Amino acid sequence: MAKETNEWLYLNNATDTARYVLGEKSKNMVACIGINPSTARPNALDNTLKSVKRISQFNDFDGWVMYNVYPQRATDPKQLHSEMDCRLHMRNNEILSRSIIDLGIDTIWVAFGDLIEIRDYLPLCLLSLYKYLKPLDLKWKIIAEPTKKGHPKHPLYKPTESLFVDFDMEKYINEILMLKQLEE
């Protein structure tokens, strides 16, 4: 019996400098939120997305979708805009929340590691994104324990057998916001 293939989900901007959505559609999907997209495309996943797919399947999801806190494509997160592009950020929030609703997703896996600290605006982007998603009453997950700095671990070098564990996103967001306010 041939294995059923999922439909690819893919949305980027006209210049391909930003990617909003990449995944494989199914009936039982998980959404993963990273920091920013790299060069991955349908049928050409990078190593991070190969890990996302494997770990999602291990946790009994037959489909997955990758979103990001900030949608600018950059193979190295250090190449992200030095200042946030507000229009790009707001478009990301709108697309992401609409996509989660349209796909019937109820589980969000946050997986960006300490990269959230690479730009001052990224915690603010995450806070804004969380405010968009909060009314959806989602289940927030991470793999393993947070990093030493308290951030959800990045999936790249994690084993396939990494279990999702519940994550108190509200508490995490409040801690980020408090730290951000103390820095200013």
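Taken over the Cα atoms of the chain, the convex hull encloses 120 Å³ per residue.
Computed from the alpha carbon atoms alone, the convex hull of segment 45-133 holds 102 Å³ per residue.
What does the net charge come to around Ile118 if you take all other residues with beta carbon closer than 10 Å to its beta carbon, with K and R at +1 and D and E at -1? So the surrounding residues net to -2.
Given +1 at the Cβ of Lys and Arg, -1 at the Cβ of Asp and Glu and no other charges, the dipole of the chain around its Cα centre is 300 debye to the nearest 20. Ordered by the count of other Cβ atoms within 10 Å of each Cβ, fewest first, Thr147, Thr160 give Thr160, Thr147. Within segment 25-59, whose backbone N sits under 20 Å from a point 7 Å along Cα→Cβ of Lys139? In segment 25-59, the label zone of Lys139 (backbone N under 20 Å from the point 7 Å along Cα→Cβ) covers 25-34, 52-59.
Throughout, read-outs are computed from the coordinates displayed, never taken from laboratory work. Everything numeric here is computed off the predicted structure, so don't read it as measured data. All Cβ positions, even for glycine, are placed from backbone atoms using ideal geometry, and neighbour counts span all protein chains on display.
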